[in-house]
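Novice: The structure's right below; bear with me while I get my questions together.
The values are calculated or read from the model by the stated rules, or taken from the named source; none is laboratory data. Computed from a predicted structure; not experimentally measured. Positions of Cβ are generated from backbone atoms using ideal geometry, with glycine treated the same way; all protein chains shown enter the neighbour counts.
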Amino acid sequence: MIDTHTHIHYDGRIPGERVGITAEQLVDTMNRHGIDRSVVLPIESPEVVTSICTTEMVIEAAYRFPERLVPLIQVDPRMPRADRVIRHFAANYDLVRGFGELVDGLSIDDERRQVIYRTCADLGLPLIFYGSSYSSFDDVGLPRLESMLREYPDLTFIGHGPRWWNAISADDDGSCGYPDTPVVEGGAADRLLQEYDNMCADISAGSGYNAMTRDAEFTQGFIDRNWRKIMFATDYLYVGQELRQIDWIRETPMTDEQREAIAEGNARRVFNIED
């Protein structure tokens, strides 16, 4: 399996805050759960953490475990010369396989973000974004995201977070909770995955797991429609975290071809991961 969404060094500065994991602890967890590789995402945006995990920190960890960890780049789009920073990392570190996660207090179509989109599209780097009440703002039906999918057809967008996953249901009201009601067919996220070759999604965190388990009947059809676009992911953050996606990928009814694709095949294709 390839876990397409993990973090390291996710430490807060406030006493009592949850303490993150080291690269060694991440690899140990991978060994115990049968995960071959993990994609590691830096976080440099103040909307999320009280201390940051830089791209340099993630790259250093990946070069210590080059057969296990896959580093991504993350630059806050409000930073001056963000495009030059991305190009520097992509040109000088051959293990880098994408950008993410993109999380900040901007709308999904903000022009400052589009500098990131253009650069990643030019470099062939897939991009993971976090949609929530404080990041990747969009309207009901995700029209701003759809406009970006049209504007940047050469960029693979990977949806993550409650704002994205709640939109699998046509009755999505734009909130960012964890609904437990049956999914109504015709949701925007389901449609975008089917209509746009450059739209994918990871099932990480509570939002992804909730979306895949709130309505088993809907999920079966969702998998049948979108199994080439969905990627196994946990959003592993701290020691002892429950990794429910592992049981989900192993126990949910689907074909062997679908399970292999979601567990690792899609990740290998999207992030250009070779053995």
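Novice: What do you reckon, is Glu67 over 20 Å from the mean Cα position of the chain (by Cα), among the acidic types (Asp, Glu), outside any helix (DSSP H, G or I) and within 30 Å of Asn31 (Cβ to Cβ)? Step through it out loud before you land on a result.
Specialist: On the way: over 20 Å from the mean Cα position of the chain (by Cα): yes; among the acidic types (Asp, Glu): yes; outside any helix (DSSP H, G or I): yes; within 30 Å of Asn31 (Cβ to Cβ): yes.
Here the answer is yes, as Glu67 does meet what is asked.
Novice: Shifting gears a bit: Name, by its number, the condition in (1) of a type in the set (D, E, K, R); (2) part of a loop (DSSP other than H, G, I, E, B); (3) surrounded by fewer than 19 Cβ atoms within 10 Å (Cβ to Cβ); (4) more than 19 Å from the chain's Cα centre (by Cα) that does not hold for Asp172.
Specialist: Only one criterion in (1) of a type in the set (D, E, K, R); (2) part of a loop (DSSP other than H, G, I, E, B); (3) surrounded by fewer than 19 Cβ atoms within 10 Å (Cβ to Cβ); (4) more than 19 Å from the chain's Cα centre (by Cα) is unmet by Asp172, namely (3).
Novice: Condition test on Asp202, is it touching a residue at least 24 places away in the same chain (Cβ under 8 Å), exposed (fewer than 14 other Cβ atoms within 10 Å of the Cβ) and under 26 Å from Pro153 (Cα atoms)?
Specialist: Considered against the rule, which asks whether it is touching a residue at least 24 places away in the same chain (Cβ under 8 Å), exposed (fewer than 14 other Cβ atoms within 10 Å of the Cβ) and under 26 Å from Pro153 (Cα atoms), Asp202 comes out as no.
Novice: Identify all residues within region 36-64 that are among the aliphatic types (A, V, I, L, M), at pLDDT 90 or above and more than 16 Å from the chain's Cα centre (by Cα); write none if there are none.
Specialist: Answer for region 36-64, where residues must be among the aliphatic types (A, V, I, L, M), at pLDDT 90 or above and more than 16 Å from the chain's Cα centre (by Cα): Met57, Ile59, Ala61, Ala62.
Novice: Within region 212-231, count every residue that is closer than 23 Å to Phe99 by Cβ and among the hydrophobic types (A, V, I, L, M, F, W, C).
Specialist: 2
Novice: Could you tell me whether any residue of region 86-98 is touching a residue at least 12 places away in the same chain (Cβ under 8 Å) and out of contact with any strand residue (DSSP E or B) (no Cβ under 9 Å at 6 or more places or on another chain)?
Specialist: Checking region 86-98: at least one residue is touching a residue at least 12 places away in the same chain (Cβ under 8 Å) and out of contact with any strand residue (DSSP E or B) (no Cβ under 9 Å at 6 or more places or on another chain).
Novice: Return a yes/no flag: does region 132-151 have any residue that is among the β-branched types (Val, Ile, Thr) and surrounded by 14 or more Cβ atoms within 10 Å (Cβ to Cβ).
Specialist: No, because not a single residue in region 132-151 is among the β-branched types (Val, Ile, Thr) and surrounded by 14 or more Cβ atoms within 10 Å (Cβ to Cβ).
Novice: State the number of residues belonging to region 229-247 that are loosely packed, with under 14 Cβ neighbours inside 10 Å and among the small types (Gly, Ala, Ser).
Specialist: 1
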